[in-house]
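Report on the structure given below.
Read-outs: derived from the displayed coordinates by stated rules, not from any lab. Everything numeric in this text was worked out from a predicted model, so none of it was measured. So basically every Cβ, Gly included, is an ideal-geometry build from the backbone, and we count neighbours across all protein chains shown.
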Amino acid sequence: MRFGSVPLEEAEGAILAHSVKTGAGKLKKGRLLEPADLAALREAGHDEVIAARLDPGDIAEDEAAARLAEALVPDPEAAGLRIGKAATGRANLFATAPGVVEIDAAKIDAVNAIHPMITVATVPRWQRMAARGMVATVKIISYAVPGASLDRACAMGSDALRLRPATLIRAELIQTEVAGTREDGTKGQKAIGDRLDRLGVSLAPVHVVPHEAGPLSQALAASDAEALFILTGSATSDIADTAPEAVRMAGGQVHHYGMPVDPGNLLFIGELRGRPVVGLPGCARSPALNGADWVMERILCGVEVTPRDISGMGVGGLLKEVPQRGRLREG
């Protein structure tokens, strides 16, 4: 693509780079100049114009944006995404349902390294999305890009994005009550219920048991929910503490305890008869974002969460403080 001043006699078919006032009004930037436009410019006293002219093999911005978006999501329906109409060199991609976004970051990085005028910006990996939320935007910065560069970007970025909707739609929160306290479970139920509702997941009625391994294990074993969450009246302080032990007593396994996300350190994950179990940190009673959100959202959307995944959450894991916590970072 050639860019710069162009004599009006050579400007037919060029792309106007900047809006220009004429006697009849204004020619907007990005316009493909026609003979009538050139006549209006001459009448307004112009003898040249700043414009872009495509070279053989160049692809105009809108076509380039549309082609790259289609390469990133070759089957939008299967990927749970919608591609918006390209305009001004931009094509946006939207979620069609609630879920979390699976992003092949290596592919996106590769696309963005091919040509500085070819760009893709996305939300963070595994970001929870509402229906119609924007997942990514493809932006061709210049008025056109070389076709060879676009072809390479399309190949490198193929199938890099998809939405993972909720696959587990029935969950139960079992809370424990410490002797001598009066906990009706309302606050925790609402906080977790609101989170699940954003993904279209239903939550069983309030269920509170004594803070003892026996009653908690019985409640876990009796549940028919597809996902089990535990919120204890006293914080889980060790992998051998009350809640993890209850999971084992019920016939389940505990895979990992602790996470490098704050708030959210005191979380554990496990399974019971093939169903995921998550021991929630006390900060989950607050609606504020915490590490449990990242784990719960992925699990409900059918994304495996391993101990390695959790240990990799530390960068970016320092979240906004939850004032309701019993012990703040700086007391």
Magnitude of the Cβ-charge dipole (Lys and Arg +1, Asp and Glu -1) of the chain about the Cα centre, nearest 20 debye, reported as 620 debye
Computed for the range 170-311: size of charge dipole around the Cα centre, +1 on C-beta of each Lys and Arg, -1 on C-beta of each Asp and Glu, debye to nearest 20, value 180 debye
Simple spin-label estimate for ALA87/GLN253, 7 Å along Cα→Cβ, in nm, reads 5.3 nm
Sequence order, the range 229-246: Karplus ³J(HN,Hα) from phi using 6.51 cos²θ - 1.76 cosθ + 1.60, θ = phi - 60°, Hz rounded, Gly and Pro as x, gives 10, 10, 10, 8, x, 10, 4, 6, 9, 6, 5, 9, 6, 3, 5, x, 5, 5
Using alpha-carbon coordinates alone, the radius of gyration and Dmax of the range 2-53 in Å work out to 9.4, 28
In debye to the nearest 20, the charge dipole size for the range 58-165, taken about the Cα centre with +1 at each Lys and Arg Cβ and -1 at each Asp and Glu Cβ, equals 460 debye
So ARG182 and GLU48, fully extended at 0.36 nm per residue minus their Cα-Cα distance, gain in nm 40.2 nm
If each part is reduced to its alpha-carbon centroid, the range 273-304 and the range 109-123 end up apart, in Å, by 32 Å
Percent relative contact order for the range 170-311, counting Cα pairs under 8 Å at least six residues apart, stands at 23 percent
Checked against a 24 Å limit on the C-alpha separation, the offending pairs among LYS85/LYS139; LYS28/LYS85; LYS107/LYS320 are LYS107/LYS320
Given backbone amide H placed at 1.01 Å from N, residues whose amide H is under 5 Å from that of GLN127, ignoring those fewer than 5 places away on the same chain, are VAL101
If the chain between ALA110 and GLU321 were fully extended at 0.36 nm per residue, the gain over the current Cα-Cα distance would be 72.4 nm
Rounded to the nearest 5, the percent of antiparallel DSSP beta bridges in the chain equals 75 percent
Projecting the Cα atoms of PRO74, PRO56, HIS115 onto the charge dipole of the range 8-163, where Lys and Arg contribute +1 and Asp and Glu -1 at Cβ, the residue farthest towards the positive end is PRO74
